[in-house]
Amino acid sequence: MPVELHEALQQINEIRGQLATTETFRGYRAVSAAATGLLAVLTAVLQGWLIRDAAADPLRYVVLWTGTAVLCLAGSGLQVLYVYLLQQSAHRRATTRIVTGQLLPALTAGAVVTFTLGQRGLAEVCLLPGLWAVLFGMGVFASRRHLPRAIGWVALFYLLSGAAVLAFLPGPAALSPWLMGSVFGIGQWAAALVLYWNLERNGQRG
């Protein structure tokens, strides 16, 4: 391959990479974000019905909310994968990979924290709701460069909510079903509103 052609291809790849780092990610959908918020509220109702006293059975609490998180991630992940496979633009596909990579550290940290603290005592499990909110907020912040600007307020909501839970709701009070239901319900519905208003209302899904 001639040197000039090789350098031209390298430059094209660099340009594609730069475009991917500034491209708005359109793989998330308002309906899927709203659905995860609804699932959080339904899980809160289910917790009140299945677990009368989370402090007496903290492991059951962890299993319930971990199962909900897995369902939400699976649904959102399949939807992102579907959009990715249909996408014809190379740099938009690259953007999807970048955003996924930015979110993975927070999700991995959440899984590690859940596994580590979830099998210990009540005091450690009571830290999880606040940590979940903080880590999720960090994940949203990490990918906000590729999302509508207003998503930063959603990330801030999660961070402040998690910090408030850790600071002001020590002990079994943190395991209230409506704490998780309200934080993730409100947060995900707010994310759905941001996605719809900025990317979807005028048919700009891409």
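The values are calculated or read from the model by the stated rules, or taken from the named source; none is laboratory data. Treat the numbers as computed from the prediction; the structure is a model and nothing was measured. Positions of Cβ are backbone-derived with ideal geometry, glycine not excepted, and every protein chain shown enters the neighbour counts.
Number of residues in segment 34-52 that are of a type outside the set (Lys, Arg), without any contact (Cβ under 8 Å) to a residue 12 or more places away in the chain and either touching a helix residue (DSSP H, G or I) at 6+ places or on another chain (Cβ under 8 Å) or over 28 Å from Trp197 (Cα atoms) (or both) equals 1. Counting only residues that are in contact (Cβ under 8 Å) with a residue 40 or more places away in the chain, loosely packed, with under 15 Cβ neighbours inside 10 Å and within 17 Å of the chain's Cα centre (by Cα), segment 98-121 holds 0 of them. Looking at this structure, is Arg26 modelled with pLDDT under 95 and surrounded by fewer than 19 Cβ atoms within 10 Å (Cβ to Cβ)? Taking the combined requirement at face value, the residue does not satisfy it.
Screening Leu128 with (1) closer than 17 Å to Trp65 by Cβ; (2) without any contact (Cβ under 8 Å) to a residue 60 or more places away in the chain; (3) over 13 Å from the mean Cα position of the chain (by Cα) gives one miss only, at (2).
Residue-by-condition table, conditions (1) more than 18 Å from Ser76 (Cα to Cα); (2) assigned to a helix (DSSP H, G or I):
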residue: Leu104; (1), (2): no, yes
residue: Arg145; (1), (2): yes, yes
residue: Arg149; (1), (2): yes, no
residue: Gly162; (1), (2): yes, yes
residue: Ile186; (1), (2): no, yes
